1. Please count how many residues of the range 285-296 are β-branched (Val, Ile, Thr) and surrounded by fewer than 11 Cβ atoms within 10 Å (Cβ to Cβ).
2. Within the range 297-345, which residues are open to solvent by 80 Å² or more (accessible area, probe 1.4 Å) and in a helix (DSSP H, G or I)?
3. Scan the range 381-401 residue by residue and report those that are small (Gly, Ala, Ser), open to solvent by 20 Å² or more (accessible area, probe 1.4 Å) and within 19 Å of residue 322 (Cα to Cα).
4. Given the options 293, 220, 316, 286, name the one that is at pLDDT 95 or above, of a type in the set (Gly, Ala, Ser) and out of contact with any Pro (no Cβ under 7 Å at 6 or more places or on another chain).
5. What number goes with the only condition from (1) of a type in the set (A, V, I, L, M); (2) in contact with a Ser or Thr (Cβ under 7 Å, 6 or more places away or on another chain); (3) open to solvent by less than 20 Å² (accessible area, probe 1.4 Å); (4) within 26 Å of residue 76 (Cα to Cα) that residue 235 does not pass?
6. If you take the residues of the range 178-206 that are of a type in the set (A, V, I, L, M, F, W, C), under 18 Å from the mean Cα position of the chain (by Cα) and not in a loop (DSSP other than H, G, I, E, B), which of them is surrounded by the fewest Cβ atoms within 10 Å (Cβ to Cβ)?
7. Look at residue 353 and say whether it is closer than 26 Å to residue 28 by Cβ, assigned to a loop (DSSP other than H, G, I, E, B) and out of contact with any Ser or Thr (no Cβ under 9 Å at 6 or more places or on another chain).
8. Quick check on my filter: what residues within the range 137-184 are in contact with a Cys (Cβ under 8 Å, 6 or more places away or on another chain) and more than 27 Å from residue 271 (Cα to Cα)?
Amino acid sequence: MLLKPWWAPDPVSRLLSDLITAELSRLRPGLLGVRRAPNACLGRSGQGGAGLPSDLGALGLDSLEFLDLATAVVVQFHLHETGLDDALMADARLDHWVETILRSRARWDEAISFQTSGSTGRPKICTHRMAFLEQEIAFFADRLHDRRRLLCAVPSHHIYGFLFSVMLPAALGIPVLDLREVLPGSVLRQAEPGNLLIGHPAFFDLATRAPVSVAADIVAVSSTSPCPEPVWRRLGESGFARIIEVYGASETAGIGERNAPDAPFRLLPQWSRDSGSNTRIVRLSAVGEAVPAELPDQVQWVADDRFHVLGRRDGAVQVGGINVFPRRVERCVREHPEVADALVRLASAEQGGRLKAFVVPGAGCSDPQHLPERLHAWLAERLAPAERPRTITVGTQLPRSRLGKLTDWD
């Protein structure tokens, strides 16, 4: 089988590097106790996966952690479909894993899976047919056919990053520059005419906090959560030629797009509304097969192909472009032996846009004043960085309104 352009050593190495780094962070929040190879760092690199040690055995993982890591790779790339899953265990070198993925894709390229955190915090597997993803990328490749370079500010192992920082540039035949280690404002200043910038609302918010003017003919694409109107306005004032917001989810991939903050989303060509439901849509394959799907949010339809998004149905909030679940974090905080009760909410953008927690000390807490310090250290071992409350307030009872409903706090 002839490999598609996105199945090449450089994009696969970058994709694998992001997947492994994310899985290590899940296994050991904060990468506690992970031994790194000399002169190697976990994370991204401009090209390929050089941010990881060439030999994954240098990470010092125990046997169960290594099995977990290999299984995540097998699941995402469906190595079990070709019988090459055991090949990962035979050689822990990163380039061997890349080669194994490419060999497998040359034999079988029907689907790919992505992991996302569900409301319980356990990884949820979302599987997509490659033919459906190719439909979406063909649409955006036509829309963005004049782009000459892609600037990437998102991880590539999630559905949005895979579509727009792996498949799209390969389809367009343009180079990718990974700028996640660069200050967002500096990314805008480095952008050149003909560039396509792939980001998310939190990135664009940081990038435009200080006044900045971009070069002519730069297009920005944002997804993962609604882009606030002030960020849209600042992007426009910065001089972007076009701004595209893509609406979708891990379970569905892209669903709709819009070009203005007050405009409704328009369904992508492969989707149509199920007229018998307010939340169900139908995807049509190239051969006319209809596959139903549920919208992840409450929506208001203004036409059969246009809708406004009203809010999520699963309780998730966005922190730095990552879905987090305040209820899950609450349960984790309550597990601390010194905590009787807890409330977790998303702070406003003015307060930093991170989670915040209000805790009520339990009978076993002898020093409430310093409880936040102990909680911060305790949560760092149990939660991913985006899930950790940035501020912790201590009080004798949870904040409630006069009607007894839980309410916000300063």
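1. 1
2. 327, 331, 334
3. To start, the set of residues in the range 381-401 that are small (Gly, Ala, Ser) comprises 384, 386, 395, 401.
Subset that is open to solvent by 20 Å² or more (accessible area, probe 1.4 Å): 384, 401.
Within the range 381-401, 384 is the sole residue that qualifies.
4. Numbers: 293 fails: at pLDDT 95 or above; 316 fails: at pLDDT 95 or above; 286 fails: at pLDDT 95 or above.
The unique qualifying residue is 220.
5. Here residue 235 clears every test but (4).
6. It comes out as 206.
7. So residue 353 passes the test.
8. Once the filter is applied, which keeps residues that are in contact with a Cys (Cβ under 8 Å, 6 or more places away or on another chain) and more than 27 Å from residue 271 (Cα to Cα), the range 137-184 yields 176, 177, 178, 179, 180.
The values are calculated or read from the model by the stated rules, or taken from the named source; none is laboratory data. All of these numbers come straight from a predicted model, not from anything done at the bench. Cβ: placed from backbone, ideal geometry, glycine included. Neighbour counts: every protein chain shown. Surface accessibility is based on the protein's heavy atoms, side chains included, excluding ligands, DNA and RNA. Shrake-Rupley method; radii C 1.70, N 1.55, O 1.52, S 1.80 Å.
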